[in-house]
1. Go through (1) out of contact with any Gly (no Cβ under 9 Å at 6 or more places or on another chain); (2) farther than 27 Å from F271 by Cα one by one and return the number of the condition G224 breaks.
2. Among the numbered criteria (1) surrounded by 15 or more Cβ atoms within 10 Å (Cβ to Cβ); (2) in contact with a Ser or Thr (Cβ under 8 Å, 6 or more places away or on another chain); (3) modelled with pLDDT of 95 or more, which one does G101 miss?
3. Using beta carbons and a limit of 8 Å, which pairs, at least six apart or on different chains, have the first residue in segment 393-410 and free of Cβ contacts under 8 Å to residues at least 24 places away in the same chain and the second one open to solvent by 40 Å² or more (accessible area, probe 1.4 Å) and among the hydrophobic types (A, V, I, L, M, F, W, C)?
4. Restricting attention to segment 291-307, which residues are part of a loop (DSSP other than H, G, I, E, B) and surrounded by 19 or more Cβ atoms within 10 Å (Cβ to Cβ)?
5. Keeping to segment 187-216, report how many residues are without any contact (Cβ under 8 Å) to a residue 24 or more places away in the chain and open to solvent by less than 30 Å² (accessible area, probe 1.4 Å).
6. Can you confirm whether segment 225-239 contains a residue that is assigned to a strand (DSSP E or B) and out of contact with any Ser or Thr (no Cβ under 9 Å at 6 or more places or on another chain)?
7. When residues of segment 382-427 are filtered for being among the hydrophobic types (A, V, I, L, M, F, W, C) and over 16 Å from R343 (Cα atoms), how many remain?
8. Identify, by number, the condition in (1) part of a helix (DSSP H, G or I); (2) without any contact (Cβ under 8 Å) to a residue 12 or more places away in the chain that Y361 doesn't meet.
Amino acid sequence: MVKIPKEQNGAAAQPCGTPPRASHTASDGNHDETGAIPSNTAPANCTNGSNTGILRTGIDSLYLSYPGDLSAESAIRLEALKKLAQSKDPNSNKLAQHQIGDHLFEVADRGRSVYKYVLRDHWYNLAISAPYTDHTPLAYVQLASEALTFEGAEAVEEDLSSVIASLGCITGGPGVSRVDLCVDFTTDVDVESIQEGDWVTRARTFNRYSVQRIFSGLTIGLGGIISARLYDKTLELEKSHKDYLKAIWGDLGWNGHSRVWRLEFQLKRDFLKQLGIRTFSDLTGNLGALWLYATSEWLRLTCPDPTDSTQSRWPLHPLWESLQAVNWGSSHSCDRQHTPKGRPPSDKSLFVNGLSGLTSYMAREGITDAYVGAPAFFRAAAVYHSGREHYTGLSFEDYVQEKVESKAKRFNSIRNRPPEGELHPADDALAREYRRRSNGE
């Protein structure tokens with residue numbers, strides 16, 4: 001078993017984005033703190049790095065598994081909800097929701113791998129096993145990055161444990177299947193000019209990437225039980241739209257236009273087990289040790305020394321000194337209002353993309369005033385749907401309500417109800433099972 005370095009175990013808890021120990025700075029014009037002397041044979045990058053600023057540290061991705069057994073009641077309810085999700089009837093399909101505390105989960109129409117049921121909201125993607133399934137955890141869960149960022153891993157896991165406990169009997173602490181540790185930073189280093197040969201690593205694979213011919217990052221050891229990514233997070237946000245990170249960076253000194261880079265290590269279960277990390281409590285007590293191991297034993301960025309053929313003796317790059325020295329604690333969260341548990345569309349999706357139909361109608365009708373065009377659009381839509389009612393069975397109002405209920409399930413925003421006076425199909429399934437057992441069947 002690989003021994004975990006102890007230097008950073010038990011480090012004081014740092015809120016998300018708290019700067020670590022001071023980044024590397026040059027001591028004079030000719031020498032830096034590593035003792036390396038800039039020369040015409042050393043890469044130019046090795047004279048930079050003193051202006052590396054750490055913005056935040058965090059757990060970006062976390063996958064946990066919970067041992068235990070699904071209760072009989074939960075199994076009946078989830079089976080009924082899964083059948084509703086499979087229904088082609090919108091009035092049945094909309095009811096495939098499961099309320100647990102303040103989480104309103106969408107129930108998927110199919111399971112995943114060995115897990116029979118899948119439940120989703122903005123915080124969790126839960127895969128739930130059938131009851132009495134040997135060697136399969138009760139639940140396998142992906143925790144959302146945004147919830148981890150703003151709430152902190154410990155708070156999110158505490159909430160998750162209560163969710164899982166409502167579904168069945170938990171028989172042990174949560175196991176860690178995967179964790180991604182990340183550091184966001186700015187630097188004066190030309191990251192694109194870093195060469196493959198500058199890295200000292202145990203990994204066998206190295207890949208570089210670009211977006212529209214702009215260097216976007218690199219991966220090392222992709223697909224292995226440990227891998228690293230170094231990439232332009234500001235560029236990636238254009239695709240992921242996680243713009244809440246920009247506000248966090250701004251609070252921590254980001255000027256709003258410099259490129260923010262992310263160094264991220266993906267650590268899978270087999271690797272974690274080698275280092276003695278099996279449970280969630282093992283993980284939270286050893287974040288600093290894991291980071292130190294990853295940035296010193298598994299991967300290092302160096303300044304090549306043309307006079308020394310032994311790469312392991314090459315000095316650390318100033319950038320890597322700054323990244324290696326970040327201070328990890330057991331809690332990483334950011335102050336903000338609580339992360340919503342629903343999955344609503346963004347304002348851009350609603351008020352930019354969503355105006356497409358309205359603006360097309362206005363252009364067709366020659367209307368340029370939005371406050372004239374909007375009511376005219378809805379009147380025309382009502383007339384159109386009234387003309388289709390004889391074969392769809394839906395008035396304009398019914399059509400809109402059906403669409404709202406369908407999207408409310410997907411957005412985890414409104415709990416849909418069966419028609420007044422009718423029992424919810426999941427409740428009906430439980431009642432029928434109770435009667436069956438009461439009759440000795």
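The values are calculated or read from the model by the stated rules, or taken from the named source; none is laboratory data. Owing to the predicted nature of the structure, the values given are computational and were not obtained by experimental measurement. Cβ placement follows ideal geometry from the backbone for every residue including glycine, while neighbour counts extend to all protein chains displayed. The accessibility values were calculated without ligands, DNA or RNA, using every heavy atom of the protein model including side chains. Shrake-Rupley method; radii C 1.70, N 1.55, O 1.52, S 1.80 Å.
1. Evaluating G224 over (1) out of contact with any Gly (no Cβ under 9 Å at 6 or more places or on another chain); (2) farther than 27 Å from F271 by Cα leaves (2) as the failure.
2. Here G101 meets the rest and fails (1).
3. V404/I414
4. Of everything in segment 291-307, just one residue is part of a loop (DSSP other than H, G, I, E, B) and surrounded by 19 or more Cβ atoms within 10 Å (Cβ to Cβ), namely C303.
5. The number of residues fulfilling the criteria is 1.
6. So the first thing to find is which residues in segment 225-239 are assigned to a strand (DSSP E or B), and the list is 226-232.
Narrowing the set further to residues that are out of contact with any Ser or Thr (no Cβ under 9 Å at 6 or more places or on another chain) leaves 226.
Checking segment 225-239: at least one residue is assigned to a strand (DSSP E or B) and out of contact with any Ser or Thr (no Cβ under 9 Å at 6 or more places or on another chain).
7. 7
8. (2)
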